[in-house]
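Everything below concerns the one structure shown next.
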Amino acid sequence: MAPIVKMTGIEKRFPGVHALKNVQFELEPGEVHALMGENGAGKSTLMKILAGIYRSDAGDLSIDGESVELDSPRAAQDRGIGIIHQELSLMNDLTTAQNIFIGREPRKSFGRLDENALNRNAAEIFASMNLNLDPKANVGSLTIAKQQMVEIAKALSYKSRVLIMDEPTAALNDAEISELFIIINRLKAEGVGIVYISHKMDELKRIADRVTVMRDGEYVATVGASDTPISKIIAMMVGREVNEEPVEVPDLSEAEIALEVSGLSRGKDIRDVGFSLRKGEILGFAGLMGAGRTEVARAIFGADPRDGGDIRVHGKDVSVTTPHDAVAAGIGYLSEDRKHFGLATGMNVRDNIALASLDKFTGRGGVLDDDAMRKTAQDYIRKLGIRTPSDIQEVRLLSGGNQQKTVIAKWLLRNCDILIFDEPTRGIDVGAKSEIYKLLESLAEEGKAVIVISSELPEIMRLSHRIAVMCEGRLTGILPGGKDTTQEQIMQLATQREAAMQPTGETP
Amino acid sequence: MKTVEETKPVNLLSRLTDTGAHQKLLAFASLIALLIAFSIASPNFMQTSNMIAILQATSVNGVLAIAATLVIITGGIDLSVGTLMTFCAVIAGVVLTYAGMPLLLGVMAAIAAGALCGLCSGTFVAKMKIPPFIATLGMMLILKGLSLVISGTRPIYFNDTPGFDQISRGSLIGEILPSLPIPNGVLILFLVAMAAAYILGRTVLGRYTFALGSNEEAVRLSGVNTDAWKMAIYALAGGICGIAGILIASRLNSAQPALGLGYELEAIAAVVIGGTSLSGGRGTIIGTLIGALIMAVLTNGLRVLSVAQEWQTVVTGAIIILAVYADMVRRRQAK
């Protein structure tokens with residue numbers, strides 16, 4: 001069969017990132033083609049090029065064998081390409097019908113809207129999807145799952161011949177997923193080609209015909225979905241060589257338990273999470289995006305509310321409801337977004353280090369002791385090896401790695417002995433990464449208890465003494481660190497959905 | 001599958017009231033409460049003449065507030081409505097008094113000048129990506145300056161244009177119903193409000209006004225030319241400021257070039273009291289009308305009670321904070 005879509009040699013660069021390197025992709029009519037890869041593999045970027053949202057820097061895109069230039073979402077829609085975005089892109093203040101037909105409202109003369117036709121058309125689409133939705137309901141008042149259905153209805157309304165679904169089931173429950181698959185199968189029968197991006201391995205076997213795997217912006221392979229074991233697909237996804245030395249796991253069985261969390265929960269985001277952390281230990285948190293790792297960290301830190309759960313620090317129950325409480329208990333949280341939540345970028349290194357501990361430098365009458373602040377800052381600059389011309393350099397002028405060290409210094413000065421690092425090396429170049437790793441290790445050796453949240457498996461493997469894996473808000477397992485644990489084992493736990501088939505691919 | 005009942009014929013009133021109904025109910029209840037309180041406090045308040053004075057005082061601010069509402073629903077802000085009004089009045093003065101053109105032409109010129117200036121603001125915001133606050137702040141000062149330059153800093157009188165003062169001060173209703181001498185300015189305010197409500201609720205332009213304020217990126221990804229529509233909305237708002245310019249010039253029978261600064265804040269206050277969200281996506285014309293009325297009733301009522309003008313300003317400020325706080329509380333409960 002002739003492919004509807006054929007992409008070859010696709011290149012895309014963003015400032016500082018080579019997002020797509022010579023990528024190819026092909027889609028046939030009536031096929032569900034799964035696009036797999038880790039976070040940041042380039043799947044979404046590739047599909048945004050197909051949907052006319054980004055333009056490729058090089059490469060050819062053919063539709064029905066004809067080379068085309070898709071320079072806007074409109075151009076892609078005109079070619080019959082519809083996309084359902086990963087982040088819902090709906091207008092909450094408008095009704096479902098108004099959302100579906102945005103930009104294509106049935107009109108009467110003088111730009112007047114034909115609201116009756118609008119609602120009627122939307123109702124027809126809902127009926128064809130067997131969906132119980134009111135065209136006049138405000139989208140903002142619907143559940144996330146229903147909003148997702150509206151997105152799908154919107155894409156269908158374009159009479160799309162190519163439908164790109166970027167993690168369509170991320171927010172759906174099992175019954176809703178089955179509904180969605182019925183719709184997908186119906187579309188398949190009508191000859192629509194479907195690109196299906198998902199992290200959920202079990203869905204592959206249920207819905208996909210072929211699988212294309214991407215890794216680090218590169219095309220890896222295209223294989224049949226039914227005759228390829230899931231384990232092989234996972235191996236293709238992670239297939240990176242881990243040339244770091246394996247972590248040496250110290251014997252910590254005698255060490256004091258620094259942090260104990262039990263029954264932590266909040267709605268669907270965090271479901272009954274419990275673990276313990278010893279002094280001197282590095283506990284890695286692995287999982288796919290949206291698995292709930294950051295949510296757990298923020299709940300422990302008191303930055304977000306929680307429905308339930310106990311937190312014990314050094315064996316004592318503590319009540320943490322605000323970050324202030326957490327810091328008082330000796331818990332520090334280093335956000336993945338340093339610029340927004342970690343640093344006052346316009347201030348200098350000295351002030352940033354002292355920021356959380358100003359009471360230490362406050363003399364009589366509230367006057368700050370600049371001398372002491374300078375000495376302390378210079379101490380930490382030496383100790384952590386922060387590369388800066390002086391302690392009065394503005395932090396925004398430092399590199400990512402040195403900014404991260406400045407944040408670490410801030411929390412160390414605050415006497416935090418439980419440190420939660422959320423994506424500590426995001427936006428930091430490769431050379432600086434290993435320095436941060438060494439710093440985290442020396443912190444653990446000094447007896448700090450360290451949690452590292454990371455989406456990069458090699459980083460988790462490199463650092464963790466134990467590895468906690470999360471999926472959909474649940475802690476699906478804790479694996480030992482060291483060379484006996486494989487990336488495949490972590491991936492399996494990270495995709496182990498509740499009440500779903502085992503990710504090995506056998507039918508239960 | 002739920003069947004969709006046939007949509008009923010358009011009921012403009014229900015159209016005006018179906019979004020953000022709660023805040024408007026609150027605003028409406030506050031308006032009634034204020035009216036009752038002032039009538040009890042002073043017998044002079046509930047006089048027909050005083051009521052008409054309140055309506056007349058609402059007319060200019062009301063029209064400006066409607067213009068501000070349109071822009072605010074897109075998630076923007078327009079600080080230039082006040083000085084744009086003055087600029088349009090000066091343009092009318094130039095066309096009518098200096099050039100001696102016919103009345104209709106002067107009115108058209110004022111509205112066209114408003115729309116053109118609005119289009120400029122819209123271009124700064126949509127095409128040049130200047131934040132609306134800054135773009136319209138710049139326009140506000142440019143227009144204030146231009147008004148003074150064009151008029152030579154002197155008021156332009158309309159004594160040579162018969163009937164000009166009747167645009168605002170005359171009363172078509174009064175000629176039909178002599179017991180109800182509602183000035184034309186008020187009539188125009190209500191016509192503008194009806195038109196704006198219709199555009200917001202029933203036309204493509206209105207749909208995109210809400211959509212832009214709700215999630216601009218989503219609208220853009222749907223293939224809509226968001227820049228062009230945004231410019232159109234700013235232009236429409238500018239045209240409405242032109243109407244306000246005619247109203248105030250007619251009421252004063254002159255274009256006062258030094259006037260206008262401060263009107264934008266009163267207009268925005270009326271919008272906010274009326275329940276339109278400053279973050280965009282939600283808002284109604286009827287709410288804005290009620291907001292403008294509340295401000296006029298407050299000013300008038302406090303004056304009738306001989307409260308010093310300084311205190312009237314203080315009370316208005318407090319009302320704005322209360323109104324927005326009530327909206328915040330409501331939204332937190334809705335979550």
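Summing Lys, Arg as +1 and Asp, Glu as -1, what charge do residues with Cβ under 11 Å from the Cβ of A:Gly385 carry, A:Gly385 excluded?
Local charge sum for A:Gly385: +4.
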Item to check | Label-point separation, A:Lys483 to B:Leu180 (7 Å along Cα→Cβ), nm | outcome: 9.4 nm
Item to check | MRE, 222 nm, helices only [DSSP H, n ≥ 4, -39500 (n - 2.57), over chain B, to nearest 500] | outcome: -24000 deg cm²/dmol
Checklist outcome for this item: Within the under-15-Å Cβ sphere about B:Gln312, not counting B:Gln312, Lys/Arg +1 and Asp/Glu -1 give a net charge of -1
Checklist entry - Quick one: Karplus J couplings for the stretch A:361-372, per residue in order, coefficients 6.51, -1.76, 1.60, θ = phi - 60°, nearest Hz, x for Gly and Pro? => result 10, 8, x, 4, x, x, 7, 7, 8, 5, 4, 5
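In debye to the nearest 20, how big a dipole does the protein assembly as shown give about its Cα centre with +1 on each Lys and Arg Cβ and -1 on each Asp and Glu Cβ?
2180 debye
All other residues with a Cβ under 14 Å from the Cβ of A:Lys21 taken together, and with Lys, Arg as +1 and Asp, Glu as -1, what is their net charge? Mind dumping the intermediate values first?
Values: positive: A:Lys12, A:Arg13, A:Lys43, A:Arg215; negative: A:Glu11, A:Asp57, A:Asp216, A:Glu218.
Once positives and negatives cancel, what remains is 0.
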Item to check | Label point at B:Ser306 placed 7 Å out along Cα→Cβ; residues across the stretch B:38-74 whose backbone nitrogen lies under 16 Å | outcome: B:41-45
Checklist entry - Counting only other chains, what is the mean number of Cβ atoms within 10 angstrom of the Cβ of each residue in peptide A:111-124? => result 4
Checklist entry - If eta is 0.692 mPa s and T is 37 °C, what Stokes-Einstein diffusion coefficient results for the stretch B:187-242, Kirkwood Rh from Cα pairs, in µm²/s? => result 276 µm²/s
Checklist entry - Does a label point 7 Å from the Cα of A:Ala2, set along Cα-to-beta-carbon, have any residues of the stretch A:58-86 with amide nitrogen under 15 Å, and which are they? => result A:62-68
Checklist outcome for this item: Sparse-neighbourhood loop hits (trypsin sites (Lys or Arg not before Pro), the stretch B:108-165; DSSP loop; Cβ within 10 Å at most 14 others) -> B:Lys127, B:Lys129
Item to check | Ranking by accessible area, most exposed first, for A:Leu264, B:Leu25 with a 1.4 Å probe | outcome: B:Leu25, A:Leu264
Next on the checklist: So for each of B:95-107, A:313-325 I average, over its residues, the number of other beta carbons within 10 Å; can you give me the resulting order with the highest mean first?
Outcome noted: B:95-107, A:313-325
Checklist entry - For the stretch A:24-145, what is the relative contact order in percent, using Cα pairs closer than 8 Å and at least 6 residues apart in sequence? => result 19 percent
Checklist entry - When the Cα centres of the stretch A:175-230 and the stretch A:454-470 are compared, how far apart do they sit, in Å? => result 28 Å
Item to check | Set of the stretch A:469-485 residues, backbone N closer than 19 Å to the point 7 Å along the Cα-Cβ line of A:Ile257 | outcome: A:469, A:475-481
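Once a ≥ b ≥ c are taken as the square roots of the eigenvalues of the Cα gyration tensor of the stretch A:92-159, is the result rounded (a/c under 1.5), prolate (a/b larger than b/c) or oblate (a/b not larger than b/c)? Provide the component values of the computation, followed by the final result.
On the way: a/c = 1.96, a/b = 1.52, b/c = 1.29.
In terms of gyration-tensor shape, prolate.
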Checklist entry - Ranked from the most accessible area to the least, with a 1.4 Å probe and all protein chains present, what is the order of A:Phe181, B:Phe133? => result B:Phe133, A:Phe181
Checklist outcome for this item: Scaled by the rule-of-thumb 2.2 N^0.38 Å, the alpha carbon Rg for chain B gives a ratio of 1.00
Checklist entry - Amide H neighbours of A:Met36 under 5 Å, counting only residues 5+ apart in sequence or on other chains, H built in-plane at 1.01 Å? => result A:Thr212, A:Val213, A:Met214
Item to check | Pairwise label distance in nanometres, A:Thr362 with A:Lys21, each label 7 Å out on the Cα-Cβ vector | outcome: 5.3 nm
Checklist entry - Rounded to the nearest 500 deg cm²/dmol, what is the calculated helix-only ellipticity per residue at 222 nm for chain A, with -39500 (n - 2.57) per DSSP H run of length n ≥ 4? => result -9000 deg cm²/dmol
Checklist entry - Based on Cβ point charges of +1 for Lys and Arg and -1 for Asp and Glu, what charge dipole magnitude is obtained for the stretch B:136-236 about its Cα centre, in debye rounded to the nearest 20? => result 140 debye
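Using the structure shown, select from A:Lys136/A:Lys159; A:Lys433/A:Lys483; A:Lys21/A:Lys146; A:Lys316/A:Lys448 the pairs with a Cα to Cα distance greater than 26 angstrom. Mind showing how you got there, number by number?
Working: A:Lys136/A:Lys159 22 Å; A:Lys433/A:Lys483 20 Å; A:Lys21/A:Lys146 36 Å; A:Lys316/A:Lys448 17 Å.
Flagged as over cut-off: A:Lys21/A:Lys146.
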Checklist entry - Using a simple charge model, +1 on the beta-carbon of Lys and Arg, -1 on the beta-carbon of Asp and Glu, nothing else, what dipole does the stretch A:339-415 show about its Cα centre, in debye to the nearest 20? => result 260 debye
Checklist entry - Using a Gaussian network model of chain B with C-alpha springs under 10 Å, which one of B:Cys241, B:Cys117, B:Cys88 is most mobile by mean-square fluctuation? => result B:Cys117
Checklist entry - If you average the sequence gap of Cα pairs under 8 Å that are 6 or more apart and divide by the length of the stretch A:339-415, what percent do you get for the contact order? => result 44 percent
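For the stretch A:42-193, rounded, prolate or oblate, judged on the Cα gyration tensor with a ≥ b ≥ c (square roots of eigenvalues), a/c < 1.5 rounded, else prolate if a/b > b/c?
oblate
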Checklist outcome for this item: With the dipole of the stretch A:92-159 defined by +1 on each Lys or Arg Cβ and -1 on each Asp or Glu Cβ, the option from A:Phe110, A:Gln147, A:Ala97 whose Cα lies farthest towards the positive pole is A:Phe110
Checklist entry - Separation of the stretch A:24-47 and the stretch B:104-138 by C-alpha centroid, Å? => result 45 Å
Next on the checklist: Which of rounded, prolate or oblate describes the stretch A:403-467 when judged by the alpha-carbon gyration tensor and an a/c cut-off of 1.5?
Outcome noted: oblate
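What does the average come to when, for each residue of peptide A:78-85, you count the partner chain Cβ atoms lying within 10 Å of its Cβ?
Counting Cβ atoms of other protein chains within 10 Å of each residue's Cβ and averaging gives 1.
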Checklist entry - Principal axis lengths of the stretch A:339-415 from Cα atoms, whole Å, largest first? => result 36, 25, 22
Next on the checklist: Need the C-alpha centroid separation for the stretch B:39-103 versus the stretch B:261-279, integer Å.
Outcome noted: 13 Å
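Using a 10 Å cut-off around each Cβ of peptide A:131-138, what is the average number of partner chain Cβ atoms that fall inside?
2
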Next on the checklist: Which trypsin sites (Lys or Arg not before Pro) in the stretch A:365-396 sit in a loop by DSSP (not H, G, I, E or B) and have at most 12 other Cβ atoms within 10 Å of their own Cβ?
Outcome noted: none
Item to check | Residue of B:Leu221, B:Leu35, B:Leu141 that the Gaussian network model of chain B assigns the largest fluctuation, springs spanning Cα pairs under 10 Å | outcome: B:Leu221
Checklist outcome for this item: chain A: relative contact order from alpha carbon pairs under 8 Å, six or more residues apart, as a whole percent, is 15 percent
Next on the checklist: Along the Cα→Cβ direction, 7 angstrom out, place labels at A:Ala58 and A:Asn130. What is the inter-label distance in nm?
Outcome noted: 4.9 nm
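The values are calculated or read from the model by the stated rules, or taken from the named source; none is laboratory data. Remember, it's a predicted structure, so these values are computed and weren't measured experimentally. Don't worry about glycine lacking a Cβ; one is built from the backbone with ideal geometry, like all the others, and counts go over all protein chains shown. Remember, those area values only see protein heavy atoms, side chains included, never the ligands or the DNA or RNA. Shrake-Rupley method; radii C 1.70, N 1.55, O 1.52, S 1.80 Å.
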